[in-house]
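Single-structure report; data block below.
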Amino acid sequence: MIYLKWLALALIDVLLLLTVPIAAPVVAAIYRAQPHGLPSYTWGWLWGTYDNPPQGDEGYVKKRAPFPGLITGWQGYANRVMWMIRNPVYGFARWTSLNYSADQVQHVIGQDGISDKEAIPGWYFVRLHSLKSGKCVGFEFYGVFPYSKTRDLRIRLGWKILTSKFRERGFAPIVNTVNPFDGYGNS
């Protein structure tokens, strides 16, 4: 049943992606820059990011924004729009997340520790079970498949269960990523 639930949510996620070009300019006009480092953020509803302010994380603001270092004026507005395009419907991922509970157990097959950023290829599949009900309450498939020295196919489907953030933050956001042109390693 959890697989059908994820599929329905994934389809809604894809449909919401179509709204980003319209929603991002509107939401960016409503919200202004906020301080970095707050425990959580509640701006932008389905289009906002729960872990960073409207202008983006500090690395984005300093290095990767179209107008680095600017958070006000029309350049700050453009940076906010691009932040939402870079992180589309992030709020929806939080809204549809799985809550962490100490009565859950993870069953993992494959390799832990794989990473596209660290150039560690492989895959794993995790099923999350509730000890109380015995039911599968979530899953995650993550695969990093390099095809050159600088590119890989990265697939991550389900919920981000096998991360330290699941326990630390108390939730695992939904994820629907299939990227055939992902950067591999520090390239």
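Tell me the per residue accessible area of the range 1-90 using a 1.4 Å probe; a whole number in Å² is fine. Can you show the working numbers first?
Values: 5210 Å² over 90 residues.
Normalised by residue count, the accessible surface of the range 1-90 is 58 Å².
Identify which of the listed values of P(r) over Cα pairs in 10 Å bins from 0, in percent was calculated from the structure shown: (i) 9, 30, 36, 21, 4, 0; (ii) 8, 31, 29, 18, 9, 4, 1, 0; (iii) 9, 24, 21, 17, 14, 11, 4, 0.
Entry (i).
To the nearest 20 debye, what charge dipole does the chain have about its Cα centre, counting +1 at the Cβ of each Lys and Arg and -1 at the Cβ of each Asp and Glu?
120
Beyond a 19 Å Cα-Cα separation, which of these cross-linked pairs lie in this structure: LYS132/LYS160; LYS117/LYS149; LYS5/LYS160; LYS117/LYS160?
The answer is LYS132/LYS160.
Just to verify a number: what accessible area does VAL14 come out at with the full protein assembly present, 1.4 Å probe, Å² rounded to tens?
Using a 1.4 Å probe on the heavy atoms, I get roughly 80 Å².
Any idea what the dipole of the range 24-121 comes to, in debye rounded to 20, about its Cα centre with Lys/Arg Cβ at +1 and Asp/Glu Cβ at -1?
Result for the range 24-121 is approximately 500 debye, rounded to the nearest 20.
Taking Cα atoms, how many degrees apart are the long axis of helix 20-30 and the longest axis of the chain, rounded to 10 and kept between 0 and 90?
Around 50 degrees separate the two axes.
What 222 nm value per residue comes from the helices of the chain, counting each DSSP H run with n ≥ 4 as -39,500 (n - 2.57) and dividing by all residues, nearest 500 deg cm²/dmol?
The per-residue figure over the chain is -8500 deg cm²/dmol.
First select every other residue whose beta carbon is under 15 angstrom from the beta carbon of TRP83; then total the charges, Lys and Arg +1, Asp and Glu -1.
Surrounding charge for TRP83 is +3.
In a GNM of the chain with a 10 Å cut-off on Cα contacts, which of ALA93, ALA102, ALA28 has the highest mean-square fluctuation?
ALA102
Over the range 1-158, with every protein chain in place, what whole percent of the accessible area is carbon and sulfur at 1.4 Å, could you tell me?
65
Hand me the trypsin sites (Lys or Arg not before Pro) from the range 41-146 located in a DSSP loop with no more than 16 other Cβ atoms within 10 Å, in residue order please.
Values: sites: LYS62, LYS63, ARG64, ARG80, ARG86, ARG94, LYS117, ARG127, LYS132, LYS135; in loops: LYS117, LYS132, LYS135.
Sites meeting the loop and neighbour criteria: LYS117, LYS132, LYS135.
Give me the accessible area per residue for the range 103-182, probe 1.4 Å, as a whole number in Å².
With the other protein chains kept in place, the range 103-182 gives 55 Å² per residue.
The values are calculated or read from the model by the stated rules, or taken from the named source; none is laboratory data. Computed from a predicted structure; not experimentally measured. For neighbour counting, all protein chains shown are included, and Cβ atoms are generated from backbone atoms with ideal geometry for every residue, glycine included. Keep in mind that these areas ignore ligands, DNA and RNA; they rest on the heavy atoms of the full protein, side chains included. Shrake-Rupley method; radii C 1.70, N 1.55, O 1.52, S 1.80 Å.
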